[in-house]
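One structure below.
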Amino acid sequence: MTSILAVTEQRDGVLRKVSLETLAAARQLADAMNGGGATVDAVVFGEGDVKGADELGGYGADRIQTANHAEFARYAPDGQAAVLEVLGRSADAIVFAATATGRDLAPRVAARLGVACATDVTAFGVEDGKLVATRPVYAGKALQKVRLTASPAVLSIRPNTFPATEVAKAGAIESVSIPEFSRRVTVTGTKAPEGGVLDVAEAPIVVSGGRGLKEPANFRLLEELAAALGNAAVGASRAVVDAGWRDHAAQVGQTGKTVSPGLYVAVGISGAIQHLAGMRTAKVIVAINKDKDAPIFKVADYGIVGDLFEVVPRLTEEVKKLRE
Amino acid sequence: MKIAVCLKRVPDTTTKIVIGADGVSIDETGVKFVPNPYDEYAIEAAISLKETAGTGEAVVYSLGGDAAQETMRTALAMGMDRGVLLQAPGSPDGLVIAKAFAAELEDQGFDLVLFGKMAVDDYNHQVGPMTAELLALPCITAVAHLDVTDGTITADREIEGALESSTCTLPAVLTCEKGLNTPRLPKLKGIMAAKKKPLEVKPVDLDGGGLEVVSLELPPDRPPGRIVGEGADAVPDLVNLLRTEAKAL
């Protein structure tokens, strides 16, 4: 029987939203393979019950395989790779999310299984029983199609690309026996800023700022706009990250993150080629810039030419009105 | 402390991509090649760790064609002691490259093997952790803060909206994130010295891979957008369009 593993992620005992996207991609792959005869097994790592795991059946999981271990309360690369190595031997494909965890874990599992791995996949099809995956390279300046010839096919999908889809399946819960493993790395904890911060790579809306903001303190304008929009993260251009105004975690572009949000608002960003590469797959792009010839307007769906210090506060105000 | 850095030669990030005649790679005409920016953090970390230790060796490795030698000289000019080019043709997949590095690095007694967290051309994020698995070494990826004391590594890596702290012992494999350090620029003296540093070229036979590139294409152009208006007065129109036409609000 053909089976696809969907590797989910949890933090603090709660399933991460991106896992439903991983599952949607795995379901799509299962339906494309073997005339739709493949099953999807969602793998859940945890110390005990993971909140949200029991709902995976509603999003396309035929089975929910829970791997419980005291060390799996946190990310445990060696132990989790060992579990997936065992499960992967009888799977036809293993789907991860291209998150910090997925990017760490997928290549480990692929190496253990002796197979190649396709990172950051944005679309795929099945040709002659082999997975053919599309993935942005050169930070999105080009699209590469690769055929995964070995089995299992190991891939990670880009967040915000495969929407979570409600598909009712059995979602039978089974527990996985944990193989012996040697722990080489110990994750000792996570440090999150208070209130938590939405990551630019996963946020449905990204408001990004560049040098046009003139000084770091002015990012407050973008934070206010993001707060009014809700579900929004504040991103930054390379120029302002290199200048030390914003943390690298917020950088969008070729040496930062490549993002595909539903809405991307570029404020005071001229649109260097390496920045455009990182955000051109956003569904809707808005640009606010005082220079009407700025390259950012070439990729923007909607542009406003003007002083951002007048436009952005007004936009925040209008969004607040709309949200009321 | 004996440290290896695995370096990749990549097109400069300002490169405008033109698809090559073969339809699976880029046209390299006029393209400027540089050390992969993330690998520069690895080089800086290697040199400064060696400096702190006061003893040891920092060796740069690369896999590719002869053109990689020039890129490796940049690493030597920054302060790496010597280089080894694993000479091989083509664009092998991540696991094939990892196998070649693992075979070369095994039994060499390295305390640390450093990579960039990814290459800015193929975006794979793979070769570091794959090499670590093949060598059965501990591995921490995308390291943004690093401390190495008495054979123990403490590292933070960026995860979504937080930092994740990990620890392991030497020997280990790390991949480096932007922000780990500020890579030094090669000085004239370093550039002159680099010309005389040993750079060994070793032809290697590679395994067959499991990833065939079918095609490389430019992304579709975005549909033409429009300027909604000028200044703050255009904002209500913008919001209306986002709500009714784009359905993004």
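Just so it is clear, none of the values below were taken in a lab; they were calculated from the coordinates. Keep in mind the model is a prediction, meaning the values are calculated, not measured. Here the Cβ positions follow ideal geometry from the backbone for every residue, glycine too, while neighbour counts run over all protein chains shown.
The table below lists the values:
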item: Local electrostatic count at residue B:125 - Lys and Arg +1, Asp and Glu -1, tallied over other residues with Cβ under 10 Å; result: -1
item: Cα lying deepest toward the dipole's positive end in the protein assembly as shown, options B:63, A:275, A:289, charges on Cβ; result: A:289
item: Shielding by partners - mean other protein chain Cβ count within 10 Å, residues of A:146-159; result: 3
item: Ranked packing of A:163-171, B:46-54, most packed first, by mean Cβ within 10 Å; result: B:46-54, A:163-171
item: Taking A:199, B:237 and counting other C-beta atoms within 10 Å, the order from fewest to most; result: B:237, A:199
item: Highest-fluctuation residue, B:12, B:27, B:111 considered, GNM on chain B with Cα pairs under 10 Å; result: B:27
item: Debye log10 I(q)/I(0) for the protein assembly as shown, one point scatterer per Cα, at q = 0.12 Å⁻¹; result: -1.22
item: Region B:1-125, relative contact order [Cα under 8 Å, separation at least 6], %; result: 38 percent
item: Top positive-direction residue, dipole computed over the protein assembly as shown with Cβ charges, set B:194, A:249, A:3; result: B:194
item: Extension gain from residue A:242 to residue A:123, taking 0.36 nm per residue of separation minus the Cα-Cα distance; result: 39.6 nm
item: For chain A, size of Cβ-based charge dipole, Lys and Arg +1, Asp and Glu -1, in debye; result: 840 debye
item: Simple label model, 7 Å out from Cα along Cβ direction - residue B:185 to residue A:307, nm; result: 3.6 nm
item: Residue B:247 versus residue B:192: modelled label distance in nm, points set 7 Å from Cα along the beta carbon direction; result: 6.8 nm
item: Mean separation of Cα contacts under 8 Å (6+ apart) over length of region A:90-133, as relative contact order %; result: 24 percent
item: Listed residue (A:110, A:96, A:68) projecting farthest to the positive dipole end of region A:22-114, Cβ model; result: A:110
item: FRET E, pair residue A:223, residue B:237, Förster distance 30 Å, beta-carbon r, rounded to 0.05; result: 0.75
item: Charge dipole magnitude, Cβ of K and R +1, D and E -1 - chain B, Cα centre, debye nearest 20; result: 840 debye
item: Angle between chain A longest axis and helix A:308-323 axis [Cα atoms, degrees, rounded to 10]; result: 60 degrees
item: Nearest-20 debye value, region A:62-119 charge dipole, Cβ charges on Lys, Arg, Asp, Glu; result: 60 debye
item: Least to most buried among B:114, A:105, B:163 (fewest other Cβ within 10 Å first); result: B:163, A:105, B:114
item: FRET efficiency, residue B:32 to residue B:212 (Cβ-Cβ, R0 30 Å, nearest 0.05); result: 0.60
item: Per-residue mean of C-beta atoms belonging to partner chains within 10 Å, peptide A:68-77; result: 2
item: Cα shape, region A:198-324, gyration tensor, a/c 1.5 rule; result: rounded
item: Peptide-level mean, for B:12-22, of C-beta atoms on other protein chains within 10 Å; result: 3
item: Alpha-carbon centroids, region B:174-221 and region B:1-44: separation in whole Å; result: 6 Å
item: Modelled label reach - residue B:227, point 7 Å along Cα→Cβ, region A:283-306 residues with backbone N closer than 19 Å; result: A:285-306
